[in-house]
Amino acid sequence: MTKLSPSAQAVKDAVLALYSDEKVRKFGWQLDVRTVTAVLRAAADQLTPYTVSEMTGAAFARNKLLVIAAELEAQ
């Protein structure tokens, strides 16, 4: 298993924190990872800049979300 970036690990930790039972966390993550990556990709698709000055920020944020999704999915 590859080590996750801090951003991807933060997303995974936030999802795992929803499970109070430690035994369920591992199983729950296996079910949730596809949903989480789909949500990140959908959110990335919504990042559309309204002005030229917002273009760089929106592109950076979109790319960051897509990278996190790919990283989590590959794990």
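Using a basic spin-label model with each label point 7 Å from the Cα along Cα→Cβ, how many nm lie between Asn63 and Val39?
Result for the modelled spin labels: 2.5 nm.
With each run of n ≥ 4 DSSP H residues scored as -39500 (n - 2.57), what mean residue ellipticity at 222 nm is computed for the chain after dividing by its residue count and rounding to the nearest 500 deg cm²/dmol?
The helix-only estimate for the chain comes to -26500 deg cm²/dmol at 222 nm.
Just checking my list (i) 55; (ii) 37; (iii) 46 against percent of Cα pairs over 20 Å apart computed from this structure; which label fits?
(ii)
Can you pull the one-decimal nm distance between simple spin-label points at Thr51 and Trp29, each 7 Å off the Cα toward Cβ?
4.2
If one takes the longest principal axis of the Cα atoms in the chain, at what angle in degrees, from 0 to 90 and to the nearest 10, does the Cα axis of helix 6-16 lie?
With both axes taken from Cα atoms, the answer is about 50 degrees.
How many nm separate the modelled label positions at Ala70 and Asp21, each set 7 Å beyond the Cα in the direction of the Cβ?
Distance between the two pseudo-spin positions: 3.7 nm.
I'd like to know which of Thr2, Val39, Trp29 lies farthest towards the positive end of the charge dipole of the chain, counting +1 on Cβ of Lys and Arg and -1 on Cβ of Asp and Glu.
Thr2
With +1 on the Cβ of every Lys and Arg and -1 on the Cβ of every Asp and Glu, and nothing else charged, how large is the dipole of segment 6-74 about its Cα centre, in debye rounded to the nearest 20?
Magnitude of the dipole: close to 100 debye.
Only the coordinates and a few stated rules stand behind these numbers; no lab work does. A quick note: this is a predicted structure, and the numbers were derived from the prediction, not measured. Quick reminder, even Gly has a Cβ in these numbers, built from the backbone with ideal geometry, and neighbours come from all protein chains shown.
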